[in-house]
1. Being assigned to a helix (DSSP H, G or I) and either within 17 Å of residue 7 (Cα to Cα) or hydrophobic (A, V, I, L, M, F, W, C) (or both) is the filter here; which residues of region 25-45 pass it?
2. Tally up the residues in region 10-32 that are at pLDDT below 90 and either over 26 Å from residue 64 (Cβ atoms) or surrounded by 13 or more Cβ atoms within 10 Å (Cβ to Cβ) (or both), please.
3. Which residues, taken from region 10-24, are assigned to a loop (DSSP other than H, G, I, E, B) and among the hydroxyl-bearing types (Ser, Thr, Tyr)?
4. Suppose we filter 62, 70 for residues that are of a type in the set (A, V, I, L, M), surrounded by 15 or more Cβ atoms within 10 Å (Cβ to Cβ), in contact with a helix residue (DSSP H, G or I) (Cβ under 7 Å, 6 or more places away or on another chain) and modelled with pLDDT under 85; which single one remains?
Amino acid sequence: MKRRDMELQKIRNLSETELKQEEKQAAEQLFRLRFQAKLGQTEGVKKIRGLRKDIARIKTIARQHQLGIAAPVAAASAPANQASGKKKKGSR
């Protein structure tokens, strides 16, 4: 899990153009792996699954940058909002 956190921190620090470039590279690599899988030349689906998740992370962070809601890395590890524990009126 530590590796994924470091990878996520690295992705968060990229600019929009770098994010687009990373997404393009990952999509290209995913295409190659899928092609190899169809030919029976790949060692497993683990890499394909990981690449799909990486692309999703990149797209999510790019969208957060667009909306201006990308939280700093230190704030991302903060505990959840305390207001979420309160009951809503009329939720019974």
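The values are calculated or read from the model by the stated rules, or taken from the named source; none is laboratory data. Not measured: the values here are computed from a predicted model. For neighbour counting, all protein chains shown are included, and Cβ atoms are generated from backbone atoms with ideal geometry for every residue, glycine included.
1. Within region 25-45, 25, 26, 27, 30, 31, 33, 35, 37, 39 meet the criteria.
2. Number of matching residues: 3.
3. Scanning region 10-24 gives a single hit, 15.
4. 70
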